[in-house]
Amino acid sequence: TTPTSSRKKEHLRICCERAIEAGDAGFGDVRLAHNALPECDMEQIDIGTRFLNTPLGSPLFIAAMTGGHPDTMEVNQLLARAAEHFNLGMGVGSQRAALENPDLADSFSVVREEAPSAFLCANLGIIQLRDHGIEWAERAVEMIDAQAIAIHLNPLQEAIQPEGDHDTGGCLEALRNLCREFKRPVIVKETGSGISAATARDLYGAGAAAIDIGGWGGTNWAAVECLRASDVGLARLGEDFLGWGIPTVVSLREVCSTGGSVIATGGLRSGIDIAKSVALGACLGGMALPLLKPAMQGEDELFAAIDTIHRQLRVTMFLTGSRTVQDLRRTHVYITGITRQMIENSY
Ligand code: FNR
């Protein structure tokens with residue numbers, strides 16, 4: 001295995017075993033208007049939706065996590081089985097390791113084998129896109145026969161990683177070229193620090209088909225890198241930036257105000273949070289960490305976790321009188337506290 005590959009395994013271990021969530025995504029400040037007289041049958045509620053012209057079983061998206069080390073194969077296999085069973089969209093983790101060393105491609109291609117009909121999203125960092133161009137994007141898509149590609153942005157993690165890339169010049173231009181030439185939709189995602197309205201305008205302007213906000217308040221890469229760092233200075237730097245980022249709810253409001261398709265990730269921890277995200281304007285609500293833990297335990301645990309999330313979503317839809325996800329988007333949302341203050345200060 002390569003350094004990129006070993007890092008993938010280390011990340012997975014740290015995320016499962018250590019406390020790597022920090023902050024508050026803001027869902028506690030969001031309330032949906034309760035409907036005391038819902039004129040519908042809860043069991044008949046349709047939680048299905050569409051994303052980029054694809055029908056999906058629900059707005060739950062299995063967010064990009066892993067692949068690239070032989071030991072990540074089984075997790076990807078189970079996540080893919082769940083994507084196929086529930087007809088959920090799924091992203092794989094960064095495919096860089098397998099693009100550097102094709103022997104590692106199995107841990108990604110297993111996802112398409114297990115999920116022949118699911119909506120799959122390839123994954124590549126913006127730096128790798130800039131440095132290797134459209135050819136790597138094409139190889140990433142081919143590896144899993146993906147319907148779309150996600151280009152991830154992670155400047156915070158790069159800044160505090162010992163092996164991080166500190167020069168992001170030319171990335172927007174690389175993205176613009178990809179969006180112009182690529183045959184599949186390009187989704188741009190953050191990984192835990194959120195996206196502002198200003199950045200969203202740049203990304204949609206470059207041709208992004210959707211933005212996954214990857215907001216602050218869930219998995220925290222400063223925390224992960226802090227635990228990985230053997231160098232005391234870097235560990236401290238990670239600690240200093242635990243609080244850096246735009247909380248998911250604030251980022252969601254900002255990006256939705258610019259008008260494009262949005263996936264909400266970062267600290268969504270229940271079907272209620274998914275419902276709140278949809279009511280705030282998202283098409284889908286993605287989860288990484290809450291699905292990783294049951295996926296490490298086994299298929300039954302993972303399927304049960306998804307059933308629970310779907311039940312929470314269904315009950316929330318019932319209590320807002322929403323027969324469909326489209327109805328849910330029209331539900332009134334109350335926003336209070338620091339989340340409201342930040343939204344009022346959005347620019
Ligand atoms: C991630 N995430 C991620 N994102 C990405 O674009 N490429 C990647 O390779 C990874 N790798 C990765 C590994 C692990 C173990 C986790 C938990 C997460 C980020 C992920 O897709 C998501 O945006 C954030 O984790 C926020 O969601 P949660 O974890 O708070 O639900």
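Just so you know, all these numbers are worked out from the coordinates, no wet-lab data involved. Owing to the predicted nature of the structure, the values given are computational and were not obtained by experimental measurement. Note: ideal-geometry Cβ built from the backbone for every residue, glycine included; neighbour counts use all protein chains shown.
Filter the stretch 282-302 down to the residues that are more than 11 Å from the ligand (Cβ to nearest atom) and either buried (at least 24 other Cβ atoms within 10 Å of the Cβ) or closer than 17 Å to LEU56 by Cβ (or both) and list them by number. Steps first, please.
As a first pass, look at the stretch 282-302 and keep what is more than 11 Å from the ligand (Cβ to nearest atom): 282-284, 294, 297-302.
Those that are more than 11 Å from the ligand (Cβ to nearest atom) and either buried (at least 24 other Cβ atoms within 10 Å of the Cβ) or closer than 17 Å to LEU56 by Cβ (or both): ALA282, CYS283, LEU284.
When GLU74 is evaluated against the numbered criteria (1) more than 16 Å from the ligand (Cβ to nearest atom); (2) free of Cβ contacts under 8 Å to residues at least 24 places away in the same chain, which criterion, by number, is the only one it fails?
Every listed condition holds for GLU74 apart from (1).
Within the group PRO294, PRO290, which residue is of a type outside the set (Phe, Trp, Tyr), assigned to a helix (DSSP H, G or I) and touching a residue at least 12 places away in the same chain (Cβ under 8 Å)?
None of the other options fit; the residue is PRO290.
Among the residues of the stretch 90-111, write down those that are among the hydrophobic types (A, V, I, L, M, F, W, C), within 14 Å of the ligand (Cβ to nearest atom) and part of a helix (DSSP H, G or I).
Correct list: ALA97, ALA98, LEU99, LEU104, PHE108, VAL111.
Mind checking which residues of the stretch 159-186 are in contact (Cβ under 8 Å) with a residue 24 or more places away in the chain, closer than 22 Å to CYS15 by Cβ and within 16 Å of the ligand (Cβ to nearest atom)?
Those that are in contact (Cβ under 8 Å) with a residue 24 or more places away in the chain, closer than 22 Å to CYS15 by Cβ and within 16 Å of the ligand (Cβ to nearest atom): ILE160, GLN161, GLU163, ASP165.
Can you spot a residue in the stretch 81-89 that is more than 10 Å from the ligand (Cβ to nearest atom) and free of Cβ contacts under 8 Å to residues at least 12 places away in the same chain?
Within the stretch 81-89, none of the residues are more than 10 Å from the ligand (Cβ to nearest atom) and free of Cβ contacts under 8 Å to residues at least 12 places away in the same chain.
Restricting to the stretch 249-271, and then to whatever is within 11 Å of the ligand (Cβ to nearest atom) and assigned to a strand (DSSP E or B), can you tell me which residue is surrounded by the fewest Cβ atoms within 10 Å (Cβ to Cβ)?
It comes out as ILE263.
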